[in-house]
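Worksheet: the structure to be examined is printed underneath.
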Amino acid sequence: MRAREVRKAFFEYFREKQHTFVAPSPVVPRNDPTLLFINAGMNQFKNIFMGEENPLFPRAVNSQLCIRVSGKHNDLEEVGADTHHLTSFEMLGNWSFGDYGKKESISWAWELLTETFKLNKKNLYATVFETDDEAFSLWQQVTDISHEHILRCGKKDNFWEMAQTGPCGPCSEIHLDRGPEACDFVGDTEGHECRVNGDCARYIELWNLVFIQFDCQKDGQLKELPHLHVDTGLGLERLAAVMQNTLSVYETDLFWPIIQKIESLSNVSYDPGPDGMPHRVLADHVRTLVMAISDHVMPSNEGRGYVLRRILRRAARYGNKMGLTGKPILYQLVPDTIDIMKAYQPDIVKRKSFVQEVIKAEETAFMDTLDSGLERFECIAKEMLEKGKAVIPGTDAFKLYDTYGFPLDLTQILATERGLEVDSDGFEKCMIVQKKRSRKDTAIQQSESSASVSKGKDTMAPVRQDGDSPDSTDTCILAEFRGAPGGGEARMPETETDRLQIARHHTVTHLLQAALRQVLGDHVNQAGSLVDTDHLRFDFSHFKTLTSEEKNKIDKLI
Ligand code: SER
């Protein structure tokens with residue numbers, strides 16, 4: 001069964017049970033400062049669960065791409081090392097907004113898995129929260145699961161929380177035993193036991209049924225919600241692997257074409273074991289990059305942009321490891337990725353060339369420093385090993401970050417491979433010092449910049465193209481237009497003439513933003529601005545410096 005058929009069968013099953021289909025939300029949460037990326041299908045329903053919004057219908061079904069690389073849910077380190085963790089995955093979900101409860105969700109999940117998808121009942125296990133007697137007995141009463149396969153587990157595995165605060169509740173998970181051949185435990189097998197929630201890939205979680213009952217407060221207290229809601233998440237990639245008779249999500253039709261493309265670009269065949277890690281990292285990471293960039297997240301040095309940058313650099317380093325030294329590869333995987341993911345989100349087709357350009361620019365910029373950074377790392381590691389030291393000082397890790405653009409976790413991966421550790425506290429200290437310094441520099445730069453503005457010479461000047469700081473590989477260029485903007489800082493007018501001048505400059509901000517979007521693309525958003533009597537400044541991000549032709553077009557349009 002192809003992945004798109006699995007998705008369709010899920011939707012159809014729940015449509016028959018009066019669930020309304022809801023489109024996926026973009027991977028960037030709207031108005032939710034507790035999250036960098038959508039990390040669960042329930043994010044878009046959070047306000048309904050909290051009683052802050054009324055649902056339009058009592059039941060819903062959907063599929064949501066979830067990115068789990070930061071905050072409470074972070075799988076980044078596992079990705080590529082095994083064959084079932086991903087930085088982003090598609091979560092199929094059915095939802096009850098204060099409508100049905102535990103009984104229906106358990107019996108429907110069981111029916112769908114065992115009758116529609118025909119999974120072998122003998123291989124399925126159900127876990128419930130240790131004190132949830134109701135869920136425990138429902139599994140016994142409304143399904144024919146073997147009673148020994150119903151297990152009680154603690155908070156770590158069976159109490160689901162979206163973030164540090166917000167909706168949460170006990171959950172019941174369905175796990176699949178994929179047989180002894182799926183065990184991938186490395187190391188001393190004495191004492192290792194394959195088991196549900198264990199440390200190998202034999203048993204994997206397929207579906208999580210969450211019973212949202214509480215709103216977790218800042219101090220950790222659980223406030224009971226007026227209604228119980230149901231939030232379920234079934235991993236499409238994992239179920240597709242089961243339906244396609246493979247132990248690896250990378251060997252399903254959701255990833256295999258990308259793996260094949262990597263093989264042909266690198267001339268290195270895929271290895272399903274540990275040696276296939278670079279292929280898996282590249283295939284996984286390009287998909288997350290494509291989906292996030294097409295939702296207008298740009299690689300940068302902050303927040304979600306920095307998460308993307310880390311992902312891209314981790315991938316580039318694995319590309320380098322498989323012999324693709326100095327050759328950007330990720331951007332060449334974009335068309336295959338879009339071809340697969342258009343079944344999930346048809347709109348991404350329109351953004352193909354934009355996404356490709358962003359990835360290519362970012363990748364190329366990083367390539368320039370990757371080799372010298374790796375050389376520098378080797379020198380540091382050699383010195384540590386020669387001196388019998390086990391920890392790379394924070395100052396060295398910071399130098400790798402600051403000069404070669406190595407995110408801390410990249411240095412940590414390299415260090416682990418050599419049996420070394422990194423002093424991350426020392427790294428953080430250097431970071432704080434640098435931030436303070438750069439704030440001071442910015443203040444000086446700004447006063448210099450307003451001085452030059454008043455001379456009113458250029459119509460545009462890039463403000464961040466400095467030497468060999470991480471920003472030297474920053475493809476997200478903050479550009480500054482001088483002329484007339486709106487929405488950001490504005491000087492208080494002292495006279496009627498001032499007021500009119502400021503109003504004119506404000507109007508032109510809107511013209512400028514519209515022209516930028518028309519010429520460069522709709523990813524252009526205002527990042528800051530200044531409106532004054534004699535000039536305006538408008539900050540926005542774009543992945544490369546503007547050409548004279550683009551600037552002329554923008555001028556003409558305005
Ligand atoms: N919210 C739960 C999860 O993310 C089920 O959808 O696992």
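The values are calculated or read from the model by the stated rules, or taken from the named source; none is laboratory data. Everything numeric in this text was worked out from a predicted model, so none of it was measured. When we count neighbours, we look across all protein chains shown, and the Cβ atoms used for this are built from the backbone with ideal geometry, even at glycine.
Glu417 - would you say it is surrounded by 13 or more Cβ atoms within 10 Å (Cβ to Cβ), within 28 Å of the chain's Cα centre (by Cα) and either more than 17 Å from Arg309 (Cβ to Cβ) or aliphatic (A, V, I, L, M) (or both)? Walk me through how you get there before you give the answer.
On the way: surrounded by 13 or more Cβ atoms within 10 Å (Cβ to Cβ): no; within 28 Å of the chain's Cα centre (by Cα): yes; either more than 17 Å from Arg309 (Cβ to Cβ) or aliphatic (A, V, I, L, M) (or both): yes.
Taking the combined requirement at face value, the residue does not satisfy it.
Collect the residues in the range 226-253 that are of a type in the set (A, V, I, L, M, F, W, C) and more than 15 Å from the ligand (Cβ to nearest atom), keeping them in residue-number order.
Matches in the range 226-253: Ala240, Ala241, Val242, Met243, Leu247, Val249.
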From the option list Val358, Val349, single residue qualifying as farther than 26 Å from Gly419 by Cα, hydrophobic (A, V, I, L, M, F, W, C) and without any contact (Cβ under 8 Å) to a residue 24 or more places away in the chain is Val349
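Do we have Asp184 as in a loop (DSSP other than H, G, I, E, B), under 24 Å from Asp82 (Cβ atoms) and without any contact (Cβ under 8 Å) to a residue 40 or more places away in the chain here?
On the way: in a loop (DSSP other than H, G, I, E, B): yes; under 24 Å from Asp82 (Cβ atoms): yes; without any contact (Cβ under 8 Å) to a residue 40 or more places away in the chain: no.
No; evaluated as a whole, the condition is false for this residue.
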Of the candidates Thr165, Thr143, Thr114, Thr127, the one satisfying the condition of being out of contact with any helix residue (DSSP H, G or I) (no Cβ under 6 Å at 6 or more places or on another chain) and among the β-branched types (Val, Ile, Thr) is Thr165
Those residues of the range 63-87 that are crowded, with 19+ Cβ neighbours inside 10 Å and closer than 17 Å to Phe37 by Cβ come to a total of 12
Every listed condition ((1) part of a helix (DSSP H, G or I); (2) among the hydrophobic types (A, V, I, L, M, F, W, C); (3) surrounded by 13 or more Cβ atoms within 10 Å (Cβ to Cβ)) holds for Cys379 save (3)
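Please enumerate the residues belonging to the range 15-35 that are at pLDDT below 90 and within 16 Å of the ligand (Cβ to nearest atom). Steps first, please.
Applying the first criterion (at pLDDT below 90) to the range 15-35 yields 29-35.
Across the range 15-35, the qualifying residues are Pro29, Asp32, Thr34, Leu35.
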Listed by range, strands (runs of 3 or more DSSP E) wholly within the range 57-159 having at least 2 residues that are under 23 Å from Tyr13 (Cβ atoms) and hydroxyl-bearing (Ser, Thr, Tyr) are 124-129
Query raised in the report: Residues in the range 177-196: is at least one within 16 Å of the ligand (Cβ to nearest atom) and surrounded by fewer than 18 Cβ atoms within 10 Å (Cβ to Cβ)?
Result: no
Of the conditions (1) at pLDDT 95 or above; (2) acidic (Asp, Glu); (3) within 16 Å of the ligand (Cβ to nearest atom), the single one that Asp75 does not satisfy is (1)
When the range 197-234 is checked residue by residue, the ones that are charged (D, E, K, R) and surrounded by fewer than 11 Cβ atoms within 10 Å (Cβ to Cβ) are Lys218, Asp219, Lys223, Glu224
**Prompt:** Has the range 199-206 got any residue that is of a type in the set (Phe, Trp, Tyr), in contact (Cβ under 8 Å) with a residue 60 or more places away in the chain and touching a helix residue (DSSP H, G or I) at 6+ places or on another chain (Cβ under 7 Å)?
**Reply:** no
Of the candidates Asp184, Asp275, Asp219, Asp231, the one satisfying the condition of being of a type in the set (Asp, Glu) and modelled with pLDDT of 95 or more is Asp231
Check your understanding: Before we move on, is Lys544 at pLDDT 85 or above and not hydrophobic (A, V, I, L, M, F, W, C)?
Key -> no
| Does at least one position in the range 17-25 carry a residue that is in contact (Cβ under 8 Å) with a residue 24 or more places away in the chain and within 22 Å of Ile311 (Cβ to Cβ)? | yes
Margin query: Condition (residue is more than 21 Å from Ile38 (Cβ to Cβ), out of contact with any Cys (no Cβ under 6 Å at 6 or more places or on another chain) and surrounded by fewer than 19 Cβ atoms within 10 Å (Cβ to Cβ)) applied to the range 277-289: is it met by at least one residue?
Written below: yes
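Which of the following residues is of a type outside the set (A, V, I, L, M), in contact (Cβ under 8 Å) with a residue 24 or more places away in the chain and within 14 Å of the ligand (Cβ to nearest atom): Gly41, Gly51, Gly101?
Working: Gly51 fails: within 14 Å of the ligand (Cβ to nearest atom); Gly101 fails: within 14 Å of the ligand (Cβ to nearest atom).
The match here is Gly41.
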| message | Is it the case, given these coordinates, that Ile212 is under 24 Å from Phe11 (Cα atoms), touching a strand residue (DSSP E or B) at 6+ places or on another chain (Cβ under 6 Å), away from the ligand (no atom under 11 Å from the Cβ) and in contact (Cβ under 8 Å) with a residue 12 or more places away in the chain? | response | no
Report yes if Ala381 is touching a Leu at 6+ places or on another chain (Cβ under 8 Å) and aliphatic (A, V, I, L, M), otherwise no. yes
Given (1) under 19 Å from Gly169 (Cβ atoms); (2) crowded, with 20+ Cβ neighbours inside 10 Å, Gly51 misses just (2)
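Within the group Leu92, Leu113, which residue is within 14 Å of Asn208 (Cβ to Cβ) and within 14 Å of the ligand (Cβ to nearest atom)? Explain how you work it out, then say what you get.
Details: Leu113 fails: within 14 Å of the ligand (Cβ to nearest atom).
The match here is Leu92.
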